[in-house]
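Beneath this line is the structure, given in structure tokens, with notes to follow.
The values are calculated or read from the model by the stated rules, or taken from the named source; none is laboratory data. From a predicted model like this one, the values you see are computed outputs, not experimental measurements. Cβ: placed from backbone, ideal geometry, glycine included. Neighbour counts: every protein chain shown.
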Amino acid sequence: MSVAGKWQISMDTPIGTQKFTWDLQSAGAGWQGTMNAANGSSELSNVQVSGSNVGCNARVSTPMGSIDVTFEGAVTGDKIGGTCRTQFGNFQFSGERA
């Protein structure tokens, strides 16, 4: 199953459950995407897709300022899940196709 499309994702963090939407699209030989959350939108950079595996980076706004995050996960059917690495630790994320 392709990772292309919109995904509703949630992630438990020390400042509460974070909910956001990814919109991933094939762009020529590569991939691009955006991340939309209550605190704003971010471009997903370095989007890498290999089969059902997906990874990307983003700079997101938080109550503590902007932070860099790295996502690594996999798609199974209409579900997505994986790990988000931040300067505050690693957190599990999960979601489903919107």
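Brief remarks on what is shown
- Note on region 50-71: residues that are β-branched (Val, Ile, Thr) and modelled with pLDDT of 95 or more total 3.
- Among the residues making up region 6-42, those that are over 21 Å from Asp68 (Cβ atoms) and under 12 Å from the mean Cα position of the chain (by Cα) are Lys6, Gln8.
- Complete set of residues in region 2-59 that are out of contact with any strand residue (DSSP E or B) (no Cβ under 9 Å at 6 or more places or on another chain) and either under 19 Å from Thr76 (Cα atoms) or acidic (Asp, Glu) (or both): Ser50
- Every pair of residues 6+ apart whose Cβ atoms lie under 6 Å, when the first sits in region 55-78 and is at positive phi while the second is acidic (Asp, Glu) and surrounded by 12 or more Cβ atoms within 10 Å (Cβ to Cβ): none
- Condition met for Ser45 (among the polar types (S, T, N, Q), within 25 Å of Ser2 (Cα to Cα) and more than 14 Å from the chain's Cα centre (by Cα)): no
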